[in-house]
Amino acid sequence: MIFSQFKNLQNFDERDLRFGYYIGLNQYDNKVEYKNNTPYPISVERAQGINVGLIGELKLNKNLFLSLEPGLHANKKNIIFNERKDFTNYGDTLWVVKSNNIHIPLLLKYSSKRLDNFRPYLKAGISTAINLNEIEGTLSNHGLDNFEFEKFNFYYELAFGVDFYLRYFKFSPSVRGVFSLKNEIPENTPDNPWTRNIDKFFTRAIFINFSFY
């Protein structure tokens, strides 16, 4: 009751430009499309990673904002190849993929009417990322010494969150889905037991971010 009687940061939304930063958690997954009705030979063991970045937000009108949110997203996951007849040893079936993504989203934010000291919002937009990944596995046994996933990727993103107006700053937790638009298996990859039956390989991710303005 006391909280609702006082409106914090009353003029905060009058600013045309505001800046902030975020920290958060991520979990990356992959969607795989196979050739020739191949049964599902690949599984992904997901792990949590971390996000850190900056926010620049431009007010378009009282409900719409344009947001640029460059950041660094670190993650590690295991890709397991369950079809083992083409491999010479058990170690061939596991790739440990360490990723450091320079992630740059451009998002349109729609905020509802402010209710006391909170304001729900939706975000949607596109993003690009530079993936500085490393693959740990025995790829050299099959002539894939230099194999890497595509360095540059493109995504669309959807998010839901709530702005909380505190006494000295605005706190904004959000949940975001990120979906790749680009096949990440490079063209002209040599024939090999790992990617032979893969038609398309896409990244998906969930971000839980905590933003401060």
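A few comments on the model shown:
- As an equivalent ellipsoid, the chain spans semi-axes of 42, 15, 14 angstrom, where each value is the square root of five times an eigenvalue of the C-alpha gyration tensor, largest first.
- Euclidean distance between Cα centres, the stretch 169-213 to the stretch 30-61, Å: 3
- For the listed residue pairs Lys59/Lys170; Lys77/Lys109; Lys85/Lys151; Lys31/Lys151; Lys76/Lys109, the alpha carbons are over 24 angstrom apart in Lys77/Lys109; Lys85/Lys151; Lys76/Lys109.
- For the pair Arg15 and Arg204, a Förster radius of 30 Å applied to the C-beta separation gives a FRET efficiency near 0.30, rounded to the nearest 0.05.
- Think of each Lys and Arg Cβ as +1 and each Asp and Glu Cβ as -1; about the Cα centre, that makes the dipole of the chain roughly 1100 debye.
- Phi-based couplings in Hz for the stretch 107-122 (Karplus 6.51, -1.76, 1.60; Gly and Pro marked x): 10, 9, 10, 10, 9, 6, 5, 5, 10, 6, 10, 9, 8, x, 8, 10
Since every read-out is calculated from the coordinates, none of them should be taken as a lab result. Just so it is clear, the structure is predicted and the values come from calculations on it, not from any experiment. Positions of Cβ are generated from backbone atoms using ideal geometry, with glycine treated the same way; all protein chains shown enter the neighbour counts.
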